[in-house]
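Since every read-out is calculated from the coordinates, none of them should be taken as a lab result. Since we're looking at a predicted model, the values are computed, not measured. Virtual Cβ from ideal backbone geometry, glycine too; neighbours counted across all protein chains shown.
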Amino acid sequence: MGIIVLLTIGTIASAVSGVARGIRWLSNVNMVLALALAVFFFVVGPTAFILNVIPGVLMDYVGEMPDMLGASMAEGPAMQTFLSSWTTFYWAWWVSWAPFVGVFVAKISRGRTIRQFVLGALFIPASVIIAAFTVIGGTTIWLQRERGAIAPDGTAASMPAPAEIFWTVLDQFPGARLIAPLVMVMLAIFFITTADSASLVNSQLSQRGAPRPNRLVTAFWALCMAGIAVVMLLTGGDTALTGLQNLITVTALPFSVVIVLMAVALYRELRHDPQALREQYERAALQKAVRHGIEDHGDDFTLAVEPVPTGSQYAVGAEFDSTAAEVTDWYRRTDEDGNPVDYDYATGEYLEEDDRRG
């Protein structure tokens with residue numbers, strides 16, 4: 001109960017301060033701590049073994065991906081147990097989180113190009129996660145092979161509980177007593193940044209998508225999540241998490257439909273992007289110009305860009321303004337608070353806050 005209260009206080013303080021301040025500050029702190037933890041395992045642990053295992057892990061992952069994606073319950077009891085306890089549950093977990101997380105990621109990514117989003121929000125985080133699992137997982141494998149420190153009798157039955165394996169690995173290295181408190185702080189910050197983004201999104205959705213939701217409403221949603229955690233803790237005990245996992249697996253199905261509809265909506269929106277529209281008019285203009293040239297001059301003609309009378313059969317985009325607000329506002333870059341970021345057409349760069357002030 002005390003831990004929930006402390007984390008809730010941190011969540012409220014971070015969420016009401018906004019994305020530009022509390023959430024970003026905590027996220028940056030956690031990135032530094034996570035990087036320091038990875039460097040600690042890499043340097044103190046089996047450095048040579050980790051360097052050798054990284055390319056092998058990547059190749060195995062790519063090579064086994066078809067079999068992993070094709071795994072089904074029809075392959076026997078062992079596969080049924082594995083899929084039920086790991087794959088299916090985590091797929092459902094990610095699916096049920098996707099719409100809500102997508103709102104938050106869209107909020108902090110507005111105005112970025114699709115290429116920037118894929119690189120910064122998908123590719124780089126995925127690479128960091130793969131590296132982290134390889135470093136810590138590879139260290140665990142090495143400790144078991146060399147010392148038998150994880151499962152003393154070499155069987156899965158003697159392994160620690162999943163929540164305890166990390167601490168078992170950490171105890172094998174010098175400085176564990178100094179690193180353990182930092183890890184606990186990092187875990188707390190991870191929880192706070194997740195909870196404050198959730199409360200912020202819920203606050204926005206309950207206020208018709210307000211870019212700057214009321215702070216009291218944001219704090220209310222943080223308290224609601226804390227209240228749910230307390231109720232589950234008091235009523236469910238050790239079985240509460242299992243029940244929650246089963247509920248998430250069941251409720252993920254309608255969310256998967258929502259994600260499909262979101263993908264369709266994204267495709268339709270991208271078709272109205274100014275660049276996409278200009279490409280459509282480009283093809284139409286060339287087709288009409290070539291047809292006009294052949295009709296009037298046969299095969300001996302050249303193309304020229306010039307205004308045409310409104311309503312002409314060769315006019316392209318006469319009734320379309322690619323700079324109109326309804327076309328450009330939805331993708332205009334904004335800062336963390338939703339304020340538009342000015343663009344310097346002379347340099348081709350977005351102006352930072354100091355430049356705007358100057």
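The 3J(HN,Hα) values that the Karplus relation (6.51, -1.76, 1.60; θ = phi - 60°) gives for the range 100-116 are, in residue order, 6, 5, x, 4, 5, 4, 5, 5, 8, 10, 4, x, 7, 6, 4, 4, 5 Hz. Gly and Pro appear as x.
Return the whole-Å distance between the Cα centroid of the range 174-196 and the Cα centroid of the range 1-21. Using only Cα atoms to place each centre, the spacing works out to 15 Å. Every helix of 4 or more DSSP H residues in the chain counts as -39500 (n - 2.57), and over all residues that averages to -22500 deg cm²/dmol at 222 nm. Placing dummy labels 7 Å off each Cα toward the beta-carbon, the span from Q313 to L253 is 5.6 nm.
Along the chain, counting only GluC sites (Glu not before Pro) with a DSSP assignment other than H, G, I, E or B and at most 14 other Cβ atoms inside a 10 Å radius, the longest segment between sites is 1-318. Couplings for the range 221-235, taken from phi via the Karplus curve 6.51 cos²θ - 1.76 cosθ + 1.60 with θ = phi - 60°, read 5, 5, 5, 4, 5, 5, x, 4, 4, 5, 4, 4, 5, 7, 8 Hz in order; Gly and Pro are left as x.
Note that the range 124-132 has calculated 3J(HN,Hα) couplings of 5, x, 5, 5, 5, 5, 4, 5, 5 Hz, one per residue in order, obtained from phi through the Karplus relation 6.51 cos²θ - 1.76 cosθ + 1.60 (θ = phi - 60°); glycine and proline are x. Across all directions, the average flat footprint of the convex hull enclosing the Cα atoms of the range 38-142 is 9.0 nm². Which angle from 0 to 90°, rounded to the nearest 10, does the C-alpha axis of helix 2-16 make with the longest principal axis of the chain? Taking the Cα atoms of the chain, the angle to 2-16 is about 20 degrees. As a rough guide to protection, the peptides 101-108, 137-144, 76-83, 181-188 ranked by mean Cβ packing within 10 Å, highest first, stand as 137-144, 101-108, 181-188, 76-83.
The alpha carbons of the range 171-224 occupy a box of 52, 17, 13 Å along the principal axes, longest dimension given first. If you fit an axis through the alpha-carbon atoms of helix 47-69 and take the longest principal axis of the Cα set of the chain, what angle between them do you get, 0 to 90°, nearest 10? Its long axis makes an angle of about 60 degrees.
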